[in-house]
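What follows is a set of notes on a single structure, which appears directly below.
The values are calculated or read from the model by the stated rules, or taken from the named source; none is laboratory data. Note that the coordinates shown come from a computational prediction; the quantities given were computed from them, not determined experimentally. Please note: Cβ atoms are built from the backbone with ideal geometry, for glycine as well, and neighbour counts cover all protein chains shown. When the accessible area is computed, the model is the full protein with side chains, heavy atoms only, and any ligands, DNA or RNA have been set aside. Shrake-Rupley method; radii C 1.70, N 1.55, O 1.52, S 1.80 Å.
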Number of protein chains: 2
Amino acid sequence: MKPNFSLRLRVFNLNCWGIPYLSKHRADRVKRLGDFLNRESFDLALLEEVWSEQDFQYLRQKLLPAYPAAHYFRSGIIGSGLCVFSKHPIQEFTQHVFTLNGYPYMIHHGDWFCGKAVGLLVLHLGGLVLNAYVTHLHAEYNRQKDIYLAHRVAQAWELAQFIHHTSKKADVVLLCGDLNLHPKDLGCRLLKEWTGLHDAFLETRDFKGPEEGCTMVPENCYVNRQELEQFPLGIRIDYVLYKAVSGLYISCKTLRTTTGHEPHSGSPLSDHEALMATLCVRHSPPQHNPSPTHERSPLISVLREAWAELDQGMAQGRWWATIAGYVIGLGLLLLALLCALAAGGEIREVAVLLWTPSVGLVLGAGAFYLFHVQEAKGLCRARAELQHVLGRAREAQDLGPESQPALLLGQQEGDRAEEQ
Amino acid sequence: MKPNFSLRLRVFNLNCWGIPYLSKHRADRVKRLGDFLNRESFDLALLEEVWSEQDFQYLRQKLLPAYPAAHYFRSGIIGSGLCVFSKHPIQEFTQHVFTLNGYPYMIHHGDWFCGKAVGLLVLHLGGLVLNAYVTHLHAEYNRQKDIYLAHRVAQAWELAQFIHHTSKKADVVLLCGDLNLHPKDLGCRLLKEWTGLHDAFLETRDFKGPEEGCTMVPENCYVNRQELEQFPLGIRIDYVLYKAVSGLYISCKTLRTTTGHEPHSGSPLSDHEALMATLCVRHSPPQHNPSPTHERSPLISVLREAWAELDQGMAQGRWWATIAGYVIGLGLLLLALLCALAAGGEIREVAVLLWTPSVGLVLGAGAFYLFHVQEAKGLCRARAELQHVLGRAREAQDLGPESQPALLLGQQEGDRAEEQ
């Protein structure tokens, strides 16, 4: 790599709100999105909520000349909704489906059926290895009483771990997506602290878009204004995050966010706003590189907080499993009683009639039990990983600031610095 | 790292056959396993089928002085059954649960409930980064008519991809586990070809154990001899696989496999045989390093074969989903008919009696449909990843042998060689 090396990267991110039959003006919006992407010719366009594979195929055909590489991340029953279009060849791709993703019996929320995931693309640009990640975490339906909080924290942790373990050889890491997390939410802080990723909105000096960088704004005609009642300016839940290894310096030159209208025609492309970032990567002596800043206190405190949240979720999962266990027991007793009544000939018809609902009750409670046992195991797994990192962060704290990066980041940052 | 650097690594692997209430003499075998591991003091002991967390906790207590670090990989409803004990501190750990793992309605096989996974440990030994993986793939119940073949191939691919993407910064990669694959099975070849891992049994010059390195032998009193009818010597399905980056040379000095009896007391530790390998890592000029040997033809042909297998599995998954769709339709028709009959007053009792089983039929077929849609999506995802790699392998082939490692391995091997 030349000392005066510089790489410019134009990135687009949008949650497309592409639910077949339910999302308004879907076909028109997808068409306009395609036109817009063709006009702008980004290096990478990362999309979420492209639930229909037909929409992806339509875009793929339309964008083929400007974006020869594309991939649709399939998972779960409906899909992950994630896809990417790239001007540059995609060297490798893979994905990780989150272990926990809501409850199957919350059919009206539907997240469980989606198979929410993180997709990874490896690109080689100007001699650099770029790991680009695209993700979409579990939605937040009720901020005051969020029953999915533990799941979203576990997803943020899995996302952070996936990035941590798969990006050790990458020069530049980019994460785009709809995190369904406000900037100060636990999951967001956990992700940033553990991966060392920087927030384009907070880093750039040239931002144009809604106040506070909001990506769901009341000006957007597709947004349910009641949901934003508590946030008159809107909320910021879609992100462009990035980092570079020691020896490289990455900055966000400009960040543009749509303001409830499509830049050209005026109608919005989605209920979310699109993010358009111009990133610049250049060679820099290691001491000028501000990333990664693994300060001990914020990491330790956010790990502690996440630990407590997962622990509470685990207790709740186990509680539901116990309740289900009791219901199974009662259901079996009821079945035995009905058998006895039917055999005895008394109220025989009623007994026979009640037999099948009782079997249904036992089976339903059994499925409920199994689901919550699995939930508790998944949360326990994330908690164990987190606890291990917490232990090592504390060790690093005890050993003093010199040992921190090596201890915490598995020496990869240190090694990288030595190599360059 | 010094030029005369050398690292010796003693590794133990065993599928422990630890099914509560079902596996014979479980408590005694776990106790003896603990005694044996304490006596031998390996660097790493990687275990599969430790289904009961109590067994893990018992071993943890017992092995604490000799193996201060340990981890149990939780997943699924029952668990992954995987755990590790290490003499050296574990720097990091994480896991990946396989997307596909059998069918929930095959309750008597039980694999679906286990959450089969691959566990990763990162260790720092003598200045080297060691990535140790432990895994257990879906069991093979009928070799002649293996309904789980596509799932096992997809698991082997996910395992290979997980290793590929998480080990880019590792100096040494070690994979131990019960792959439920014979050495020449598609999944085994796919794994080896895509990761470049070497088989300790095939590489070592000093092997002591059953003929052909079998890890399930008829001499073992816990083995169901009927299952080995076609293989009089036994089968080899447990492995120690390894590789090192360019600049390092790894070899298997000795490999010992138990022969149906525990080395000291005579009674077997499990229905599988234990593998004990002594690996040696030393500094070596890049040209002497035999790994990784990504020859084009074997990789391309094995990728093609795996592609065809996944494609067939996908077609089957879709076929089942279609059948389930018809059953749902018929069930709904039946329900409508029953409603009409009940309303009409004719054979009212029969109609009411048939109502609940019909609802059960529709719900059951619905669950079956959703499961197989998800299965087809999972197989489609693996096939897409595989197809991409296949395309790039073909490109590499067309460009000639020089471009192969860089193109195929995302340049990490090439970069590594330049750095050293």
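Looking at B:VAL373, B:VAL350, can you tell me which residue is within 12 Å of another protein chain (Cβ to nearest Cβ) and free of Cβ contacts under 8 Å to residues at least 40 places away in the same chain?
None of the others qualify; the one that does is B:VAL350.
Return only the number of the condition from (1) in a helix (DSSP H, G or I); (2) surrounded by fewer than 16 Cβ atoms within 10 Å (Cβ to Cβ) that B:GLN230 does not satisfy.
Here B:GLN230 clears every test but (1).
For a quick check of your reading of the model, give me the residue pairs whose first member lies in the stretch A:53-73 and is farther than 17 Å from A:PRO20 by Cβ, whose second is open to solvent by 20 Å² or more (accessible area, probe 1.4 Å) and outside any helix (DSSP H, G or I), with beta-carbon atoms closer than 6 Å and at least 6 apart or on different chains.
A:ALA66/A:SER41; A:TYR67/A:LYS87; A:ALA69/A:PRO89
Tell me yes or no: at least one residue of the stretch A:22-32 is in contact with a helix residue (DSSP H, G or I) (Cβ under 7 Å, 6 or more places away or on another chain) and outside any helix (DSSP H, G or I).
Among the residues of the stretch A:22-32, not one is in contact with a helix residue (DSSP H, G or I) (Cβ under 7 Å, 6 or more places away or on another chain) and outside any helix (DSSP H, G or I), which makes the answer no.
Among the numbered criteria (1) open to solvent by 30 Å² or more (accessible area, probe 1.4 Å); (2) among the basic types (Lys, Arg); (3) touching a strand residue (DSSP E or B) at 6+ places or on another chain (Cβ under 9 Å), which one does A:LYS145 miss?
(3)
Considering only the stretch B:43-64, state which residues are more than 14 Å from every other protein chain (Cβ to nearest Cβ) and more than 18 Å from B:VAL11 (Cβ to Cβ).
B:GLN54, B:ASP55, B:TYR58, B:GLN61, B:LYS62, B:LEU64, listed by residue number.
Please find, among A:THR215, A:THR195, A:THR254, the residue that is surrounded by fewer than 21 Cβ atoms within 10 Å (Cβ to Cβ) and touching a strand residue (DSSP E or B) at 6+ places or on another chain (Cβ under 8 Å).
Result: A:THR254 is the single residue among A:THR215, A:THR195, A:THR254 that is surrounded by fewer than 21 Cβ atoms within 10 Å (Cβ to Cβ) and touching a strand residue (DSSP E or B) at 6+ places or on another chain (Cβ under 8 Å).
If I ask for residues that are over 17 Å from A:TYR103 (Cα atoms) and of a type in the set (Phe, Trp, Tyr), which ones from the stretch A:315-329 would you list?
Answer for the stretch A:315-329, where residues must be over 17 Å from A:TYR103 (Cα atoms) and of a type in the set (Phe, Trp, Tyr): just A:TYR326.
Whether any residue in the stretch A:316-335 is modelled with pLDDT under 95, over 30 Å from A:TRP194 (Cβ atoms) and not in a helix (DSSP H, G or I) is what I want to check.
no
Mind counting the residues in the stretch A:353-368 that are among the polar types (S, T, N, Q) and more than 8 Å from every other protein chain (Cβ to nearest Cβ)?
Quick first cut of the stretch A:353-368, residues among the polar types (S, T, N, Q) only: A:356, A:358.
Remaining after also requiring more than 8 Å from every other protein chain (Cβ to nearest Cβ): A:358.
Selection size over the stretch A:353-368: 1.
Quick one: A:ALA351 ticks every box in (1) open to solvent by 10 Å² or more (accessible area, probe 1.4 Å); (2) modelled with pLDDT under 85 bar one, so which box is it?
The one condition A:ALA351 does not meet is (1).
Going by the conditions given, is B:GLN161 assigned to a helix (DSSP H, G or I), on the phi < 0 side of the Ramachandran plot and within 12 Å of chain A (Cβ to nearest Cβ)?
Answer is yes for this residue.
What tally of residues in the stretch A:11-36 results from selecting those that are at positive phi and free of Cβ contacts under 8 Å to residues at least 12 places away in the same chain?
Of the residues in the stretch A:11-36, the ones at positive phi are A:17, A:21, A:25.
Now narrow it down to the ones that are free of Cβ contacts under 8 Å to residues at least 12 places away in the same chain: A:21.
Looking only at that region, the number is 1.
B:ARG189: part of a helix (DSSP H, G or I), basic (Lys, Arg) and surrounded by fewer than 23 Cβ atoms within 10 Å (Cβ to Cβ), yes or no?
When the stated conditions are applied, B:ARG189 passes them.
Starting from residues that are within 12 Å of chain B (Cβ to nearest Cβ) and part of a loop (DSSP other than H, G, I, E, B), keep the ones in the stretch A:82-101 and report whichever is most open to solvent (accessible area, probe 1.4 Å).
Residue satisfying both the conditions and the ranking: A:PRO89.
Which residue out of B:ARG39, B:ARG8 is touching a residue at least 12 places away in the same chain (Cβ under 8 Å), outside any helix (DSSP H, G or I), open to solvent by 10 Å² or more (accessible area, probe 1.4 Å) and away from chain A (no Cβ under 13 Å)? Quick ask: steps written out before the conclusion?
Numbers: B:ARG39 fails: outside any helix (DSSP H, G or I).
Of the residues listed, the single one that is touching a residue at least 12 places away in the same chain (Cβ under 8 Å), outside any helix (DSSP H, G or I), open to solvent by 10 Å² or more (accessible area, probe 1.4 Å) and away from chain A (no Cβ under 13 Å) is B:ARG8.
Cβ-Cβ distance below 7 Å, separation of 6 or more or different chains: which pairs start in the stretch B:226-242 with a residue that is under 21 Å from B:VAL173 (Cβ atoms) and end on one that is in a strand (DSSP E or B) and acidic (Asp, Glu)?
Filtered contacts from the stretch B:226-242: B:ILE237/B:ASP178; B:ASP238/B:ASP178; B:TYR239/B:ASP199; B:LEU241/B:ASP199.
When you scan the stretch B:65-78, how many residues do you find that are at the interface with chain A (Cβ under 7 Å from one of its Cβ atoms), buried (at least 22 other Cβ atoms within 10 Å of the Cβ) and more than 16 Å from B:GLN155 (Cα to Cα)?
1
What are the residues in the stretch A:50-81 that are of a type in the set (A, V, I, L, M, F, W, C) and in a loop (DSSP other than H, G, I, E, B), if any?
Step one: of the stretch A:50-81, the residues of a type in the set (A, V, I, L, M, F, W, C) are A:50-51, A:56, A:59, A:63-64, A:66, A:69-70, A:73, A:77-78.
Those that are of a type in the set (A, V, I, L, M, F, W, C) and in a loop (DSSP other than H, G, I, E, B): A:VAL50, A:TRP51, A:LEU64, A:ALA66, A:PHE73, A:ILE77, A:ILE78.
For residues that are buried (at least 24 other Cβ atoms within 10 Å of the Cβ) and in a loop (DSSP other than H, G, I, E, B), scanning just the stretch A:102-139, find the one that is nearest to the other protein chains (Cβ to nearest Cβ).
A:GLY115
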